[in-house]
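Notes follow the structure.
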Amino acid sequence: MYKKCFTGQEAVAAFMNEYTVSQKDAVQFGKLLVKQRILHHVCDDHDFEDTANLFYRLQCYHTPNILNSYRIWSERVDPNALQLVKILRTLLGKIESAVTDDHVGTVNYKKATIMDGFDVFEEAVSIDSAIYLLVTLTKLSL
């Protein structure tokens, strides 16, 4: 039994209902989400299909041991590592300030993961950009 998933048929019905599109367009949208690695077959064995026999899951509900579960990145986000650090620091600062207890000074990171804006931060942090950042910072420190 697969957890946190849905069938291709359920996804197509939801796309058609939510976006008022044809069945063909809904299937194409599902295929695009798979191509963009936002949605995937639970075993990564199939492309997107309008069927009750295949199960799909949003990438954010897949639980591998990776830095970023929002989306699997296949391209670099920003080749300028220092700019990337600045962007991530700003995003994280906004999140931390929103979930910091001013009286005690502690940060509730669990609460941070469910607040508005965390998904933007999570998407900005990808394994590729983190590795690139570490390599670049290592070179800068030599």
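The values are calculated or read from the model by the stated rules, or taken from the named source; none is laboratory data. Here the structure is a predicted model, which is why all the values come from computation and not from measurement. Note: ideal-geometry Cβ built from the backbone for every residue, glycine included; neighbour counts use all protein chains shown. Calculation scope for accessible area: heavy atoms of the full protein, side chains included, ligands and nucleic acids excluded. Shrake-Rupley method; radii C 1.70, N 1.55, O 1.52, S 1.80 Å.
Among the trypsin sites (Lys or Arg not before Pro) in the stretch 1-48, those placed in a DSSP loop whose Cβ has at most 14 other Cβ atoms within 10 Å are Lys3, Lys4, Arg37. Val12 sits among other residues whose Cβ lies under 14 Å from its own Cβ, and their net charge, with Lys and Arg +1 and Asp and Glu -1, is -4. You can think of it this way: the chain between Tyr19 and Val107 has 27.8 nm of extra reach, that is 0.36 nm per residue less the Cα-Cα gap. Label positions at Leu92 and Asp116, each projected 7 Å from the Cα along the C-beta direction, are separated by 2.4 nm. Bridgeable lysines around Lys4 (alpha carbons under 28 Å apart, same-chain partners fewer than 8 residues away excluded): Lys24, Lys31, Lys35, Lys110, Lys111.
Taking loop as defined by DSSP and a crowding limit of 15 other beta carbons within 10 Å, which chymotrypsin sites (Phe, Trp or Tyr not before Pro) in the stretch 13-42 fit? Nothing satisfies the criteria. Calculated accessible area for the stretch 10-61 comes out at 62 Å² per residue, all protein chains present (probe 1.4 Å; ligands, DNA, RNA ignored).
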